[in-house]
Amino acid sequence: LPFLVLGEGTSSKEGGQLADQIEEIKALNNLRGELHIQINIPANASYCMENGKKEGCLSQHLTEITITFPERKLEGVCTRVCESDEALLEDLRPHPNLKILKLDRYYGERMPNWARDDNLAIFLPNLVDISLRNCHKLKHL
């Protein structure tokens, strides 16, 4: 199981380095099977859609992706954190071949565009299992 950590060395003011790391992962076309992505960004850092570099998705050969967000105290989660998690997940769009998606400690209030409403069936037609763990702020699927 490949394990990648995103956010190491990320500055507290900009998500640019994190965006670069996401683009590097998207460029790893030979990743196969399972992938676990651990998001490690400082509590005072944030990520927004403007940080994203380009469209694209994770490797077409991945069948299972687990994305784990930083551990946070629920009462300390603010709008900025929710929006940051939503933007990160939007940019970590999986390839349509994905079969299993697991999210842990996601603090967005809604799923990204590619996973909302009927889009989940369109963008991830092969998905057979989705697991949402400790996603306490999630209000809309």
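The conditions are (1) touching a helix residue (DSSP H, G or I) at 6+ places or on another chain (Cβ under 9 Å); (2) modelled with pLDDT under 90; (3) not acidic (Asp, Glu), and Thr79 fails exactly one of them. Which is it?
(1)
Would you check if there is a residue in the range 79-98 being surrounded by fewer than 18 Cβ atoms within 10 Å (Cβ to Cβ) and in contact with a strand residue (DSSP E or B) (Cβ under 9 Å, 6 or more places away or on another chain)?
Looking for residues that are surrounded by fewer than 18 Cβ atoms within 10 Å (Cβ to Cβ) and in contact with a strand residue (DSSP E or B) (Cβ under 9 Å, 6 or more places away or on another chain), one finds at least one in the range 79-98, hence yes.
Would you check if there is a residue in the range 70-81 being within 12 Å of the chain's Cα centre (by Cα) and touching a residue at least 12 places away in the same chain (Cβ under 8 Å)?
Let us first name the residues in the range 70-81 that are within 12 Å of the chain's Cα centre (by Cα), namely 70.
Checking which are touching a residue at least 12 places away in the same chain (Cβ under 8 Å) leaves us with 70.
Yes, there is a match, as at least one residue in the range 70-81 is within 12 Å of the chain's Cα centre (by Cα) and touching a residue at least 12 places away in the same chain (Cβ under 8 Å).
When you look at Ile67, is it hydrophobic (A, V, I, L, M, F, W, C) and in contact with a Ser or Thr (Cβ under 7 Å, 6 or more places away or on another chain), yes or no? Give the steps one after another, and end with the answer.
On the way: hydrophobic (A, V, I, L, M, F, W, C): yes; in contact with a Ser or Thr (Cβ under 7 Å, 6 or more places away or on another chain): no.
When the stated conditions are applied, Ile67 does not pass them.
Can you work out which of the residues in the range 106-135 that are open to solvent by 50 Å² or more (accessible area, probe 1.4 Å) and part of a loop (DSSP other than H, G, I, E, B) is farthest from Leu62 (Cα to Cα)?
This residue is Glu109.
The values are calculated or read from the model by the stated rules, or taken from the named source; none is laboratory data. Owing to the predicted nature of the structure, the values given are computational and were not obtained by experimental measurement. In this analysis, Cβ positions are derived from the backbone assuming ideal geometry, glycine residues included, and neighbour counts consider all displayed protein chains. Ligands, DNA and RNA are stripped out before the accessible areas are found, and what is left, the full protein with its side chains, is counted by its heavy atoms. Shrake-Rupley method; radii C 1.70, N 1.55, O 1.52, S 1.80 Å.
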